[in-house]
Amino acid sequence: MRRLLTALCLLVCCVVSLSADEATSVENPVYARWKNHPVGTEVRYRQHTQAQGVDERRLMVYRLTEKTADQLTVEIRTRQEGAAESGETVQLQTAKRLFRLPPGVTAKQFGKPAGRKAEGQEELEILGRRLQASWTLSEVRVEAGVTETKTWISDQIPGGLVRSISTTPAVRSKTTMELLELRESAQQKAEKP
């Protein structure tokens, strides 16, 4: 009987501590924006930076490589536009499903950019289809001066990012990141009627 009471107390303590943890946790935005897409799905972007006479274009490919109910992994390949694939860098980004809120941050504030000046909704024509996107205009002070960024996010795109434009007038810098292509995985194509 004593063992049963001890086991019951441990079980209750675990449930109570799990509930407290879940109350201070939110779904990770990275996980949320990939979770409904099958492994193998890719999105391709062009990042174009112009700054003080430098004009650089990079291709970036984000590919969902693993997914479980608790976490997922996205592979990010980057290379100079026109360069061989052998010259690309590869990073892995692992996103757990739940993210513990930092002290003093509410669930409503979490995931919003710092220095938010304005936000809204917009319909965009991207890749031959119309997307509903939310946009945010934010301003932050960095070492080079004030940087203003407008970002468009859509739930219809794996990873969410549709377009981003950042400008830093003090150094005459502008970086644009635009969605070039969405590749559905073979698994997803096979599931379509």
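Values quoted throughout were computed directly from the atomic coordinates according to the rules given, and no laboratory measurement underlies them. In this text the structure is predicted, and so the values were computed from the model without any measurement. Every residue, glycine as well, gets a Cβ built from its backbone with ideal geometry; the counts of neighbours run over all protein chains shown.
Points worth noting:
- Taking the Cα centre of region 68-125 as origin and assigning +1 to Lys and Arg Cβ atoms and -1 to Asp and Glu Cβ atoms, the resulting dipole is close to 580 debye.
- Cα centroid separation, region 33-49 to region 123-180 (Å): 15 Å
- Near the amide H of GLY159, within less than 5 Å, lie the amide hydrogens of TRP34, all on another chain or at least 5 residues away, with H placed in the peptide plane.
- Relative contact order, percent, region 34-100 [alpha-carbon distance under 8 Å, six or more residues apart]: 25 percent
- In terms of other Cβ atoms within 10 Å, TYR31, TYR45 run from fewest to most in the order TYR31, TYR45.
- Cross-link table LYS117/LYS174; LYS67/LYS174; LYS35/LYS108, entries beyond 30 Å C-alpha to C-alpha: LYS67/LYS174
- Cross-link partners of LYS150 among aspartates and glutamates, defined as those whose alpha carbon lies under 13 angstrom from its own and excluding same-chain residues fewer than eight positions apart: GLU119, GLU122, GLU139, GLU178.
- As a proxy for reagent exposure, ILE165, ILE157 were ordered by neighbouring Cβ count within 10 angstrom, fewest first; the result is ILE165, ILE157.
- Local electrostatic count at ASP55 - Lys and Arg +1, Asp and Glu -1, tallied over other residues with Cβ under 14 Å: +3
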